[in-house]
1. Just give me the residues in region A:524-551 being assigned to a loop (DSSP other than H, G, I, E, B), within 14 Å of chain B (Cβ to nearest Cβ) and either modelled with pLDDT under 80 or exposed (fewer than 15 other Cβ atoms within 10 Å of the Cβ) (or both), in sequence order.
2. Could you figure out which of (1) closer than 22 Å to residue A:332 by Cα; (2) assigned to a helix (DSSP H, G or I); (3) within 11 Å of chain A (Cβ to nearest Cβ) isn't true of residue B:653?
3. Quick one: is residue B:627 within 8 Å of another protein chain (Cβ to nearest Cβ) and within 30 Å of residue B:757 (Cα to Cα)?
4. Could you grab the pairs with beta carbons closer than 7 Å, sequence gap of 6+ or different chains, first residue in region A:503-523 and more than 13 Å from chain B (Cβ to nearest Cβ) and outside any strand (DSSP E or B), second one surrounded by 21 or more Cβ atoms within 10 Å (Cβ to Cβ) and modelled with pLDDT under 80?
5. Tally up the residues in region A:212-229 that are in a helix (DSSP H, G or I) and within 13 Å of chain B (Cβ to nearest Cβ), please.
6. Among the numbered criteria (1) modelled with pLDDT of 85 or more; (2) surrounded by 21 or more Cβ atoms within 10 Å (Cβ to Cβ); (3) not in a strand (DSSP E or B), which one does residue B:127 miss?
7. Of B:645, B:639, which residue is surrounded by fewer than 21 Cβ atoms within 10 Å (Cβ to Cβ) and either within 12 Å of another protein chain (Cβ to nearest Cβ) or modelled with pLDDT of 90 or more (or both)?
8. Is it the case that region B:734-741 has a residue that's surrounded by 14 or more Cβ atoms within 10 Å (Cβ to Cβ), at pLDDT 80 or above, within 14 Å of another protein chain (Cβ to nearest Cβ) and in a helix (DSSP H, G or I)?
């Protein structure tokens, strides 16, 4: 009897490297699941530390890295100097039981290092959006406060991570932590921008704002890194759902719009099964709000909201006029400053205002004025956006004829029509191979190196990563594909080092074309057995002419 | 509004000494002062030019002349002599021509009608060859036949009796009062080969007055009736006038008695005139009417007050605003003295006038306040009787205006007040009074003659004659002024959007309006106000562009290149815009002066930025608002504004915002923008990608090649262009540049590959390429 087990979460831990600790356990900031005995925790942390120390003999710093063992996959991330976040994932396994003997074979191709690393990175930046940094909490508060906040945050974050990535789309989307921009014409875009300006200029305390329509970003006055974190929070983490059942990036409209309030309020999934009662018992700190409280507040406010809801989600509490719920986030280009996050929702529009902390925020008149100002203008904008959405749906029908993914590192713009590729979802060999190609194209570290340099210095290890990926990917291709003869791979390296184009055929049925031009990456799938490489080239040209004629892809 | 502000001032005063001339009057048709001295007519124009016209010996003493008027071409003049039933027409004396051949001397005696003698009342030159004779019983339209040296009747109308008449030379409209009650008004408009009758209408005069007049007149004999008519004629001609407001003609009638103090406006059109009523202040008398820049200016000579009314863009002439006049400005302008009709001297005003004005103002503040309160109270009472929406308007105007609501409410008001003019907006009514405006001659010795006869000017004198649109003629003291709106003072009063709209409807307001816009931005006022202002400007700008396109398309159909340019509004250049400014008429109440992108850029954005009046972030917001407004009216945003915005994004370190703008293609693709962005790659490498994208969209390979080469983008050159294209684009100089940049790259593989390709491509032409 064969028993197949998918990759499963084993543990997630955060520790710090401190010299001369009296108690070894003090280095642990978070360990999930916390039921694991402390000895086992320290053992794993010790192993991680040893791996890091060992690898440093080959590299002065320890950048993104993973460790592959037969049973486990270790993924490391050092978000701040001397702070480490580690994922420990148990590989997928196939157990053959013959009589009394069990023969368990582990398959590591179901887990992708880059995806897991991205999950770690995303988790950290989300955390730093709300609590600045690990070091900040320790310096300004205490180690205990850091542990509390990390515990609160990651207990909600970890359940949203997809460790399995069985579908192509999930895997790619978890890799490209992109932003979906709403393709507005300039007239409408300017209207939205000017609306935002008008609100900002009317209330001097407003410092930044983000304007979304559904899960699509229209405007953000924040820098790209902060925008991405807040966007991810708004789109996915307000109401996390089990990652296995749902898409990784869940459209915010699924939560915000069109759902009538169910009699039983939804409970956001979290690792410790926090309940409202538990949350009410959490210690209150005026400067540092409790993350579970934010998640529950938003989830329940939205659940209660009707379809024509047009009001603040955070700020004044809708059920009680006297109380205010004012979550604070840290954003800024050079120096991170604390701002109060006010979320206003009207139909599909999510309008986030980042306000300088002020006493006015504790008065209803402030919100009434602001609401009045927003309401007078936003209705027109919502109507216009609704019309444009309808037009967009008609015009985007052609896109469904192609299966492609477009990602631009410059602005993290992401666009894809991969949801149509269902028949390839479970071919793990294919996924493995595809991932290897993507990895060779897309090095996530390069993207964020500028933004993270204030915390740590990363060395550009592009060459090493490529080499590593190529090394990792050789075997699965050779082993898992039926015949190497059926695979034709053409790799063309141009004079420009930024440009790589790969055209691959798998099983004579699926062509994969991946093209990188500067910061842009385009992945295209063509399902046709009768095409040769020349035909594919024409198909790519067609796609370019149809959708990418306005950008330079040479 | 503060007392120190002036809304209307007297301009261009022309002075003459009446006693030195035999005959003095202001000719409305010529818009010149006519001074008759012996056998010379001096015509003094508003721009201070004096024309001397010698008249031949006609055998009529100047003292006997009742009326004399020159034809528009000043070649003829017509005369009515006292106690003479004939009209005389003579040609002026021209030394260059043979008098015998071309000079005419016509005497025309109107025929008898039912045994009645036609007594000449007046005449008007309709054209250089057409004249209108007005007699006690008829209106005769004659053509001047120069060959036969006589007049030929074109048309004539007979009436029971013509008591008085009003003539408006600009539109050639004559209104006749044809009954003893002075209520029936007949009107005619003389066009080329056409006389249009204006529908008859009645002046609304109370029964009491009518009765007394009838009674008085009926008791008089023929001669006494005539005398009475002349007397009443003066009254009625003083109280009625023809004015033009925003391309609409009105007959105004000032009705003052114990219970009524109103200005009635009868709209002159093809249809029966529609009457509107404007309530006048309850204090003062001696009202007279002028028009300044499409604003109704009502003078009150008793309390020496003038009030401005704006009929605004509302239908049926509903009144929307009222401004009071400030005292007349001390004559800072040069005064032109017509001395004996020959010399022209200039005197500068004295600053002491201002001090005197201030003292006078203080003394008269009480009266002003009374008037102000009265007008306000009247309006408040009227508004109370109306619905609540009007009150909202008051509140909005007094506070900050939310323009959308205001417009809605104003529309509601229009519907409710179609038949009666209401003062809806509560502007501060300044009731400024000016008794005297003294000015002294600083150079008394130099201008002795002037000192002898006058060194002060009395204003609001009963002798003043008000001519339309904006002239005041003082035959007694010998002055001609015209009123002009002091736009700078008006600009100072702009406190809300309606007032800004008011300002924009004024002619020549561009510079002042730009200053106001700059000031509003400098004060960091609510962005929605700026937004509204830009929309207002660009709405008119857009209309002007489309009008100019239509005009140009029809007018320049033979020039293909220009047609092409005009068919595409995106290609507007400054010459087009200048043409637009000329074509737009300021008389339409709904249209404003055209303020284009160049005006806004240089007068507002540049000055705000250079003088550091506002910070960069706010200026970005403002410029973006302007771009939004332009885009919403489908006007292409000029390159200079795009460049300025990009610079501001860079200066204020907001590149992430700039990228979103580029992403949504707010800036129209152009080589300039592409070049600028690629040049910014040192600031942020993303700029380069955006710049190349623009080049791709522009699809001009030669330009693209040049830009790539100038920035040393060798790989792009090799990738993007075919070998044939490279051969075409590369000349010797460009090849040298390419070579030097290639060698600097220190990329051996690149150098090797490219040099190999190039050596084959250019081996015949450029041997020196070998690397």
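The values are calculated or read from the model by the stated rules, or taken from the named source; none is laboratory data. All of these numbers come straight from a predicted model, not from anything done at the bench. Glycine also receives a Cβ, built like all others from the backbone with ideal geometry; neighbour counts cover every protein chain displayed.
1. Let us first name the residues in region A:524-551 that are assigned to a loop (DSSP other than H, G, I, E, B), namely A:528-532, A:548-551.
Subsequent filtering for residues that are within 14 Å of chain B (Cβ to nearest Cβ) retains A:548-551.
Residues satisfying the conditions are A:549, A:550.
2. (2)
3. no
4. none
5. Pass one, region A:212-229, residues in a helix (DSSP H, G or I): A:224-229.
Checking the rest, the ones that are also within 13 Å of chain B (Cβ to nearest Cβ) come to A:224-228.
The number of residues fulfilling the criteria is 5.
6. (2)
7. Working: B:645 fails: surrounded by fewer than 21 Cβ atoms within 10 Å (Cβ to Cβ).
On inspection, the qualifying residue turns out to be B:639.
8. Within region B:734-741, none of the residues are surrounded by 14 or more Cβ atoms within 10 Å (Cβ to Cβ), at pLDDT 80 or above, within 14 Å of another protein chain (Cβ to nearest Cβ) and in a helix (DSSP H, G or I).
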